[in-house]
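These notes concern the structure reproduced below.
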Amino acid sequence: GKQWYQRRVRGDNGCYIPYPNYYYSGRLRPARRNERRTDVPKHIQHPDYWKDGTPLSEIQSRGVGQIRILNEEEIAGMRLAGRLGREVMDVAASMVKVGVTTEEIDDAVYNATINRDCYPSPLNYRGFPKSCCTSVNEVICHGIPDKRPLEDGDIVNIDITVFKDGFHGDLNETFYVGNVDEKGKKLVEASYECLQRAIASVKPGAKYRDVGNIIQKYINTQGFSVVRSYCGHGINQLFHTAPSVPHYAKNKAVGIMKPGHCFTIEPMINEGGWGDTLWPDDWTAVTTDGKRSSQFEQTLLVTETGCEILTGRKEKNGQPYFRD
């Protein structure tokens, strides 16, 4: 029958099959994972959703649509959250190698976050079960860390956000695991380069809707495609807020950049078509054609003259780890 065929031909993990009738677009499968942690020390400031998963303050601000201009005190809070988020990313980066599980990376992220007196923002955000997102190969974003060991030739994105004294700092990076093929390297390079080009355009007076034009124009030259379902976002005391920053061309995003605006740019670039679909876990977004996807993200502050990257790497002139 079809199930037997799918299991045999598509390389299912024979013993753990949580969604037996789901047809996966690619080769990756979910693996077992430990329960969600509930032991963040009480002395660390928690976001409003930590217990029941509902980001009430975010939902309440939805109707407003106004892009907040942060004051000096808030900017200092965002700088600290961004710097600490980067420190946690540096810990995660040191873990990436063949045979390490994404859950082991998540545990290291949890510990590094707690050690810096931060709360791991993804943890129980709308019910998310882990402290970071780990997105392997055809996973576009929001992959859930689990007991699958990383394999030679994988690419893996790690998306980290920390909540420090009332402010969120959000970044992500895609890493090579062992020896990645040339097409995979080209994809990762292109996804990094398009973010660099987008960041270079950020300055007072620029339109949020123009970010996507810059990204798509470059990605078209590389023969890849831009995911449309997930966007960059405002970030401050709220994890996700106005503005929305689409990464594709001819979008209808509202707003003009002003000094004191804080937001992310995080283009997801696919090897094949731009389509995405969701695993039955209601989090893991994958390409519809099963081909790979790569992404980079920074949290940015608009300044008087351009922008400041709040989550930039301190070592090696800020270069991404895949170039080390």
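Laboratory data are not the source of any read-out in this text; all were calculated from the coordinates shown. As the structure is a prediction and not an experimental result, all values here were calculated from the model. Glycine also receives a Cβ, built like all others from the backbone with ideal geometry; neighbour counts cover every protein chain displayed.
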TODO: Any aspartates and glutamates with Cα under 12 Å of the residue 97 Cα? List them, leaving off those in the same chain fewer than 8 positions away.
DONE: 151, 152, 154
Open item on the list: Residue by residue through region 106-123, what is 3J(HN,Hα) from phi via Karplus (6.51 cos²θ - 1.76 cosθ + 1.60, θ = phi - 60°)? Round to whole Hz and write x for glycine and proline.
Closed with: 4, 4, 5, 5, 4, 5, 5, 5, 4, 4, 9, 6, 10, 9, x, 3, x, 5
TODO: Report the extension gain between residue 253 and residue 43 in nm, rounded to one decimal, defined as 0.36 nm multiplied by the number of residues separating them, less their alpha carbon distance.
DONE: 71.7 nm
Task: Mean residue ellipticity (222 nm) of the chain, computed from DSSP H runs ≥ 4 via -39,500 (n - 2.57), nearest 500 - done: -8500 deg cm²/dmol
Task: Normalised contact order of the chain, rounded percent, pairs of Cα under 8 Å and 6 or more residues apart - done: 20
Open item on the list: Taking R0 as 41 Å, what FRET efficiency do you get between residue 314 and residue 207 from their Cβ-Cβ distance, rounded to the nearest 0.05?
Closed with: 0.85
Task: In Hz, Karplus ³J(HN,Hα) per residue of region 266-279 (6.51, -1.76, 1.60; θ = phi - 60°; x = Gly, Pro) - done: 8, x, 9, 10, 9, 5, x, x, 7, x, 10, 9, 10, 5
TODO: Can you figure out the FRET efficiency of residue 90 with residue 21, using R₀ = 30 Å and their beta-carbon distance, to the nearest 0.05?
DONE: 0.15
Task: Rg/Rh (Cα only; Kirkwood hydrodynamic radius) as it applies to region 120-275 - done: 0.97
Open item on the list: What distance in nm lies between label points placed 7 Å from Cα along the C-beta direction at residue 217 and residue 281?
Closed with: 3.8
Task: residue 200 paired with residue 62, simple spin-label distance in nm, labels 7 Å along Cα-to-beta-carbon - done: 3.8
Open item on the list: If you scale each eigenvalue of the Cα gyration tensor by 5 and take the root, what three semi-axes come out for the chain, rounded to whole angstrom and sorted largest first?
Closed with: 30, 23, 19
Task: Filter on 164/203; 130/185; 51/316; 147/252; 252/314 - keep pairs with C-alpha separation over 32 Å - done: 51/316; 147/252; 252/314
- [ ] DSSP loop (so not H, G, I, E, B), at most 15 other Cβ within 10 Å: list which chymotrypsin sites (Phe, Trp or Tyr not before Pro) in region 270-299 pass both filters.
- [x] none
TODO: Determine the shape class of region 125-209: with a ≥ b ≥ c the square roots of the Cα gyration tensor eigenvalues, call it rounded for a/c under 1.5, and otherwise prolate if a/b is greater than b/c, oblate otherwise.
DONE: oblate
Task: Angle in degrees between helix 72-95 and the longest Cα principal axis of the chain, rounded to the nearest 10 - done: 20
